[in-house]
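Asker: For reference, the structure I am asking about is given below.
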């Protein structure tokens, strides 16, 4: 993209120089030529072609902000519960089902004697 911008800027600069050095041309005409044929179209082109990049940067920044917010909320929830913050606040962080009941909160199920 920048190669196009550099090349077109060079072309319009040469057009402006030709306008300024021409016996019938003026410096004001050269400035207007450079601005209207060079700077304005290239500014529009750079803006349009840079849109996907800007969107990616915005999306990455929002994802980072959301991740920071989620981490902050997880730490706050753990602090409210009185427990130490875990490595992950996701409910199934390990991906495996527990083999036994966790803690003494659940009584064992057995037959009556």
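Just so you know, all these numbers are worked out from the coordinates, no wet-lab data involved. Model, not experiment: these values are computed from the prediction. For neighbour counting, all protein chains shown are included, and Cβ atoms are generated from backbone atoms with ideal geometry for every residue, glycine included.
Asker: When 111, 59 are ordered from fewest to most other Cβ atoms inside 10 Å of their Cβ, what list results?
Answerer: Lowest count first: 111, 59.
Asker: Rank these for me by crowding, 3, 28, going from fewest to most other beta carbons within 10 Å.
Answerer: Going from sparsest to densest Cβ surroundings: 3, 28.
Asker: If each of residue 48 and residue 20 carries a label point 7 Å out from its Cα toward its Cβ, how far apart are those two points in nm?
Answerer: Output for this residue pair reads 2.9 nm.
Asker: Does the range 5-88 come out rounded, prolate or oblate by the C-alpha gyration tensor, with a ≥ b ≥ c the root eigenvalues, rounded set by a/c under 1.5 and, if not, prolate when a/b is larger than b/c and oblate if not?
Answerer: Cα axes put the range 5-88 in the prolate bin.
Asker: Hey, fewest Cβ within 10 Å first, where do 10, 2 land in order?
Answerer: Ascending Cβ contact count within 10 Å gives the list 2, 10.
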